[in-house]
Structure formats: C-alpha cells, structure tokens
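The values are calculated or read from the model by the stated rules, or taken from the named source; none is laboratory data. The structure displayed is predicted, hence computed values, not measured ones. Methodologically, a virtual Cβ is constructed for each residue, glycine included, from the backbone with ideal geometry; neighbour enumeration extends over all protein chains shown. These area figures cover heavy atoms from the full protein model, side chains too; ligands, DNA and RNA do not enter into them. Shrake-Rupley method; radii C 1.70, N 1.55, O 1.52, S 1.80 Å.
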Amino acid sequence: MLIKFTNFVISALLISLSHAALAEERIVVSVPGPKNISYLPIDLIQKLGFDRDEGVKLLLLHTGGGAVALNHLITRNADFAVAGLPAAMSLRANGGDVVAVAAVDDAPLFVLMVRISLKTKIKRISDLKGLVIGVNTSTKNSKTTSQQLAELLLKSGGVSLDQVRIVPAGQNWEEQSSLILSGAADAIMGDEPFASRLLAEKKVFFLANLSQPESVKNIPGTHFLHAALETRSDVIANTPQKVEKMARMLQRTLKWIASHTPEDLVAKLEMSNADERSALLVSLKKYRHAYSIDGKFSTRQLKETEIFFQSSSEGDSNAQALRLETMVDDRWIGRSH
C-alpha cells in the first residue's frame with residue numbers, strides 16, 4: 001500500500017512539474033507597433049488570455065518596421081515575426097530563412113500622406129520630386145512592404161529614386177507623427193490609425209490610399225497579403241509545438257475579432273490615451289474587413305502578393321525567380337481559394 005501511495009505521489013509531482021515547465025514555455029514574437037492597426041491581432045492575444053490557455057509566456061518585441069521584425073527572427077532574437085509578406089519575400093530572395101505560416105490581414109492599409117503645408121504644391125505623385133519621403137524601416141537584407149509600395153508609386157508618377165530622399169519612418173504614432181510635425185519628412189507611406197489621426201488633426205492630406213483603388217490603379221497586385229505570421233525552418237523542425245500553439249492563438253484571436261465590434265476590440269486593448277483610443281476606433285470602423293477571419297492563406301491573394309513583389313523588384317534576378325509557394329507552410333492553418 002505504501003509503495004502504491006509513494007508511486008501516486010511521485011506521479012502527481014511529475015505531472016505538476018511538467019505543467020510548470022509547460023507554463024514557462026516562452027514564445028517571442030517580433031512585430032511592428034505598438035497599436036498599429038495592421039498588427040493589432042498580435043497585441044490582443046495576451047489581452048484575451050489565449051497565451052495562458054496554451055500554457056505559454058508570450059513576449060512581444062515591438063519594432064519600427066516589418067524588416068526589423070524579420071531581422072529579429074533570423075538573428076534568433078525571436079521565434080516568430082509578423083511582417084508584410086512582400087518584406088518576407090525580400091528577405092527570402094536575399095537568402096534569409098523565413099517561412100510564412102498564417103495570414104493576419106485581409107487588406108493592406110497603407111496611406112501616402114503629405115504635410116498639409118504642401119497641399120497647394122503637391123497634387124499628384126509626380127510633384128514629389130525633390131522631397132523627403134518616409135517609409136517603414138528597412139534593413140540591408142529586407143525591404144519593407146511600405147518602401148516597396150512607395151517606390152512603385154513614385155515610378156508610376158515618373159519619379160526616380162534619385163529624385164527623392166528616402167528616410168525611415170517607423171511603424172508607430174510617435175515616429176510617424178514626429179516626422180510630419182517636425183517637417184523632417186514631407187510625406188510618409190504611413191500606417192493606420194496614425195495617418196487618419198494626423199488627417200483629423202489637419203496635419204496631413206492623403207495623396208494615395210490603398211483602400212481607394214482609383215488612387216493606386218497603376219500599381220500591380222494591390223490586393224497583396226500584408227501582415228503574416230512568419231518563422232524559421234529550424235523552429236518548424238525542432239519545436240513544431242510552438243508553431244502549432246502560435247497558429248492556434250492567432251486563429252482564436254482572429255475569430256474573436258470577427259465576432260466582436262470595433263468598440264469591443266478597443267476596450268479589450270485598455271488604452272489609456274483618449275486621442276489614441278478615438279483614432280483607432282475611427283479606423284477600425286472605416287476598415288471593417290482589415291483582418292483575416294481565420295488565418296488561412298488565400299490562393300488568389302498569394303498570387304497578387306507575388307505580382308506585387310516582382311513588380312517592385314525589377315532587375316533583381318533572385319527576386320524575379322522567387323515563387324511564394326516555396327516559402328509558405330499552411331499545414332497548421334489551411335488554405336482557401
């Protein structure tokens with residue numbers, strides 16, 4: 001009887017220790033932000049408690065751009081990155097080990113905003129010659145989606161890259177607003193809700209907006225997949241349970257967003273700044289279909305993404321040879337058409 005009781009105690013202790021070890025499993029995600037509308041699902045995971053449900057300690061590294069987030073991934077500072085899929089393709093074309101495992105967004109939300117003081121001078125893209133243009137921060141191995149889009153827009157207006165000066169703009173309110181308010185940038189390929197907040201404050205006007213097809217009609221592949229969840233091949237091979245848990249947390253969050261109101265989402269984020277809350281709510285109501293509803297990749301959207309990326313990479317043989325399907329692993333999330 002004593003032996004049975006002792007075995008029972010040991011078994012209970014081992015189970016307890018295994019649960020404790022599970023609770024201490026860390027997953028590090030590098031993501032632009034904070035409070036960038038394209039990446040809000042990642043900020044929400046902890047607020048909804050889905051990380052606790054998985055026995056995970058989720059750590060977020062907020063960065064000034066998707067390319068920086070991807071750099072954290074390939075330098076092993078993070079297990080996952082959330083970044084624009086065209087930026088991930090740029091990294092892959094330059095030899096980076098990056099694999100896309102889930103969709104986050106359903107619509108790219110980029111706005112080319114210009115300082116209000118230039119409104120009488122800037123009427124079209126061609127008028128940007130000689131000006132300073134801010135884009136989300138790139139790295140030597142990966143060009144951000146924001147920069148790719150800005151370069152395509154400039155080209156569509158007959159503006160060559162040597163006729164403007166490109167500067168990093170980050171992907172949060174502090175960096176983008178300070179560049180505009182200080183005059184350090186004349187225009188920014190900006191993010192929401194920051195762009196709409198600056199518009200409401202009459203600090204900028206919009207020159208082009210991806211949500212308005214007529215303003216980007218000359219850009220191929222404008223329905224590309226923006227934010228996606230990415231990891232490395234060694235994470236998939238060595239710790240597949242992390243990928244499974246991360247994919248499940250994301251999918252649950254996306255389904256929660258799809259079944260709740262913008263007001264619910266803003267309330268869940270517990271934002272203390274009233275102006276920040278208001279701007280985010282306005283943007284969420286404006287962009288009702290910003291997010292994927294289930295994280296599944298769309299075959300049609302992947303084709304659009306490849307068209308966009310290759311259009312932005314003319315003259316780069318590695319980029320032209322890259323096929324997006326070779327860097328997508330949808331076994332945890334699935335595929336739609």
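In the context of the full set of protein chains, the chain has a per residue accessible area of 44 Å² (1.4 Å probe).
Summarising the overall dimensions of the chain from its C-alpha atoms, the Rg and Dmax are 21.4, 91 angstrom. Our Cα-only numbers for region 142-273 put the radius of gyration and Dmax at 18.4, 51 Å.
Across region 82-97, coupling constants 3J(HN,Hα) worked out from phi with the 6.51/-1.76/1.60 Karplus curve, θ = phi - 60°, read 10, 8, x, 4, x, 5, 5, 5, 4, 5, 4, 5, 9, x, x, 8 Hz, and Gly and Pro carry x. Peptide packing for 107-118, 174-185 was compared via the average number of neighbouring C-beta atoms within 10 Å per residue; ordered from the highest value, the list is 107-118, 174-185. Listed values for region 146-160 are Karplus-derived 3J(HN,Hα) couplings in whole Hz (6.51 cos²θ - 1.76 cosθ + 1.60, θ = phi - 60°), namely 4, 5, 4, 5, 4, 5, 5, 5, 4, 4, 5, x, x, 9, 7, and x replaces Gly and Pro. In this structure, the amide hydrogen of residue 166, modeled 1.01 Å from its nitrogen in the peptide plane, lies closer than 5 angstrom to those of 133, counting only residues at least 5 positions away or on a different chain. Of the beta bridges in the chain, as assigned by DSSP with both residues counted there, near 50 percent are antiparallel.
Converting phi to 3J(HN,Hα) with the Karplus coefficients 6.51, -1.76 and 1.60 and the offset θ = phi - 60°, region 161-177 yields 5, 7, 9, 9, 10, 8, 10, x, 10, x, 9, 9, 4, 4, 6, 5, 5 Hz in sequence order, with x at every glycine or proline. In the calculated pair-distance distribution of region 40-87, the portion above 16 angstrom amounts to 44 percent of the Cα-Cα pairs.
Taking region 186-203 and a reference point 7 angstrom along Cα→Cβ of residue 278, the backbone N atoms nearer than 20 Å belong to 192-203. Taking the protein heavy atoms of the chain in the context of the full set of protein chains, the accessible area attributed to carbon and sulfur is 53 percent at 1.4 Å.
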